[in-house]
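Let me begin by presenting the structure, written as structure tokens, before commenting on it.
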Amino acid sequence: MCHWIGRFFVYSAGPILIAYLLLLLGMSYISQQGLKQASSDALSYNLEKRVSTLSYFHSERLNDISSLANDRAVSVYFSNRDLGMSMEYGLRASLLLMKNKFKKLIKNKQINAAPIYLRLIFIEAQSKQYLVDEGLASNQNEPWLMNDFMATTDIKKVIFQDIDHSHFVILYPYHYKGKRIGTILAEINYHDVIHHLIHPENPENPENPENPENPENPENPEHVQYVMLAGEPGMVRSHKHSDKKPLELKKCLLDIIPHESAIEFKNYLKMPVKGTPLVLAAKYNKSYSENFLTSQWYLLSLIILAIIVLVSVYMGFQSRTKNLLLQANVIRSKRQKNILSEKNTQLKNEVRQRLNSETQLQTLIETIPDLVWLKNKEGIYLACNPKFERFYGAKQADIIGKTDYDFTDKKTADSYRKYDQLAISSDQPSINEESVIFSDDGHEELVETIKTPLKDSEGNLVGVLGIARDITARKRAEEEFLFLSVHDPLTGLYNRRVFEQRINEEVERAKRYQRELSIFMLVLDHFKRINDTYGHQNGDSTLCHIAEVLEQSIRKTDYVARYGGEEFIVVLPDTSLSKSHELAERLCHKIAQHPVTTIDTEEISITASLGIAAFPVHGQSWRELVDAADKAMYAAKEAGRNQVKTAL
């Protein structure tokens, strides 16, 4: 008994020790990866938090400048100048009030006792003169007039780089009466402000003994290195100061900003600052991110230890393994005959099953309604089904051994070959839609073709299996559904949903660019009488007749929609109230002069009542405009019909 217990411990000690070492190695690897992932997640979280702070900071700057551009003091100055005021009679006071607004913004906007704006300038577009130049950097830096960004019509955030420093500038175009007459240039104090936003808990000269930094904190600047990089190449411009005005505020400016593609920042975690050409990058210092437990040496030491144990166990069991092999050979020789006999029987059964499967597969391929074919790697046909024979107008025996170039033109054959090679190179099915013409009767089908690489049992590529299914009816249904989702099924005009979407866009565009916009609503007079007298089929023909008259009478930029029942709405962008009234009068007269012919060739005299409304006189939103036009239309009906009324 003791002998067997001793042998059990001798033979089981090695495997148990190996299993323990492998378990230790796996758990160590998992723990190491967990530490690395936690460190990466912490860095990503802190970087995202700072990027969010910077994005919010930039959005606030746009709000500041937008408020300044919309301030009444700025518009009053240009209004007085348009009235012909001189500097001696009121214009100087307006300019001083405008400058005070710029000074007030600079004074009130600070972070960590540092001014946010180094310089605020208003540059006139034509004269290139500085109307306003305020801030710490006023008259210190090179003028910006030579830069092509001054003529911008969009808000831009630009980095101007000199030899040893950079300027971060926001360009805000100023429009007066729909015309750009100047640019507001805001230079940001990036050196002081951004350092505080990235390291709010670590000012440049920390002297706060009551709140010492935790050396184990991942946000500790001693462990994390943050770098500001340039992202969009088009928003970084070279800028050289003149010798006439030396830079005296260099301490407030940003150092040269490297581009994010620089090789020294390859291993940094990067996030773009939304709305700016800047990218914030961060990484842990090497002394913090790497230690023995997270380094490759820890795993290597465990692997070496496991190898030593494996070698020891192998040498201890080598003699025993030889004996086991000799015994296995004896057993194997006794069972060889039975195994060969079983394999022979199994092979016969497999051959019989494969023959049955091939017969069933051939029957399926011949009866399937899709085009089915098989090619080898060189594009030579190996097999096809009867429908494919109709496609090329030849029997399978005449198709096998040939390529697409033997049946069709080179351009079409090249297209077929391209998708064959795509399936082969990607080692996965390729799907495309194409139109094919059958050679037997000349009819055309839109098919969805799937080409799949075919391999043998050993994984070697045999060729390409192709299946093409007719999707003509499905495509036609999709197109009809798409049309009905946008248009009225009876008249073919825009439906009410699309009209409401587009009129809302037109009103917003008119507000933004201060343009004119008119609409009129049209209703057929006594339409119910037409339906009751002549029937609904003639009523539908009347509606289609009105839709055709409206579409033929408006411009390409105008559009008409069926609003409901016998009501139509016409939208006229960039059209004054007087011009829309003229068009409405012409339409009213035209409708009355062109009766509708019924299916029994009887003429129906029709008239219409129209109501007109214009933006912004009759409403500031599309609902108000439609409501005003609707009331005017009913006023026309109450006044006797067959006339045009303008909203009050």
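Odds and ends about this structure:
- Within the stretch 170-185, the set of residues being closer than 30 Å to residue 49 by Cβ and either open to solvent by 10 Å² or more (accessible area, probe 1.4 Å) or in contact with a Phe, Trp or Tyr (Cβ under 6 Å, 6 or more places away or on another chain) (or both) comprises 171, 172.
- Candidates 302, 247, 253, 293, filtered to the one that is at pLDDT 70 or above and not polar (S, T, N, Q): 302
- Boolean, residue 519 is not in a strand (DSSP E or B) and not aromatic (Phe, Trp, Tyr): no
- Scanning the stretch 412-433 for residues that are acidic (Asp, Glu) and touching a residue at least 24 places away in the same chain (Cβ under 8 Å), we see that the one that is nearest to residue 475 (Cα to Cα) is 433.
- In the stretch 489-520, of all residues being touching a residue at least 24 places away in the same chain (Cβ under 8 Å), of a type in the set (S, T, N, Q) and under 21 Å from residue 630 (Cβ atoms), the one that is surrounded by the fewest Cβ atoms within 10 Å (Cβ to Cβ) corresponds to 504.
- Options 84, 90: the member that is small (Gly, Ala, Ser), outside any helix (DSSP H, G or I) and free of Cβ contacts under 8 Å to residues at least 24 places away in the same chain: 84
- Unmet requirement for residue 556, which otherwise passes all of (1) assigned to a loop (DSSP other than H, G, I, E, B); (2) open to solvent by less than 30 Å² (accessible area, probe 1.4 Å): (2)
- On the stretch given as the stretch 371-392, residues that are closer than 22 Å to residue 421 by Cα, in contact (Cβ under 8 Å) with a residue 40 or more places away in the chain and either in contact with a Leu (Cβ under 7 Å, 6 or more places away or on another chain) or not hydrophobic (A, V, I, L, M, F, W, C) (or both) total 8.
- Scanning the stretch 45-64 for residues being of a type in the set (Phe, Trp, Tyr), touching a Leu at 6+ places or on another chain (Cβ under 8 Å) and open to solvent by 50 Å² or more (accessible area, probe 1.4 Å) gives a total of 0.
- Residue tally, condition touching a residue at least 60 places away in the same chain (Cβ under 8 Å) and surrounded by 15 or more Cβ atoms within 10 Å (Cβ to Cβ), over the stretch 65-81: 6
- Among the residues of the stretch 432-449, those identified as open to solvent by less than 60 Å² (accessible area, probe 1.4 Å) and either assigned to a strand (DSSP E or B) or aliphatic (A, V, I, L, M) (or both) are 432, 434, 436, 445, 446, 447, 448, 449.
- Residue in the stretch 563-570 that is in a strand (DSSP E or B) and among the β-branched types (Val, Ile, Thr) present: yes
- Failed item in (1) closer than 20 Å to residue 647 by Cα; (2) touching a His at 6+ places or on another chain (Cβ under 9 Å); (3) of a type outside the set (S, T, N, Q); (4) not in a strand (DSSP E or B), with residue 631 passing the rest: (2)
- Picking from residues in the stretch 126-171 that are at pLDDT below 65 and not in a loop (DSSP other than H, G, I, E, B), the one that is farthest from residue 59 (Cα to Cα) is 148.
Results for (1) under 38 Å from the mean Cα position of the chain (by Cα); (2) over 30 Å from residue 158 (Cα atoms); (3) at pLDDT below 80; (4) open to solvent by 40 Å² or more (accessible area, probe 1.4 Å), shown as yes or no for each residue.
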site: 17; (1), (2), (3), (4): no, yes, yes, yes
site: 27; (1), (2), (3), (4): no, yes, yes, yes
site: 43; (1), (2), (3), (4): yes, no, no, no
site: 83; (1), (2), (3), (4): no, yes, no, yes
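- Considering residues of the stretch 521-544 that are touching a residue at least 60 places away in the same chain (Cβ under 8 Å) and polar (S, T, N, Q) only, the residue surrounded by the fewest Cβ atoms within 10 Å (Cβ to Cβ): 537
- Residue in the stretch 450-472 that is surrounded by the most Cβ atoms within 10 Å (Cβ to Cβ), counting only those that are over 34 Å from the mean Cα position of the chain (by Cα) and free of Cβ contacts under 8 Å to residues at least 24 places away in the same chain: 455
The values are calculated or read from the model by the stated rules, or taken from the named source; none is laboratory data. Not measured: the values here are computed from a predicted model. Positions of Cβ are generated from backbone atoms using ideal geometry, with glycine treated the same way; all protein chains shown enter the neighbour counts. Note: areas computed on protein heavy atoms with side chains; ligands, DNA, RNA excluded. Shrake-Rupley method; radii C 1.70, N 1.55, O 1.52, S 1.80 Å.
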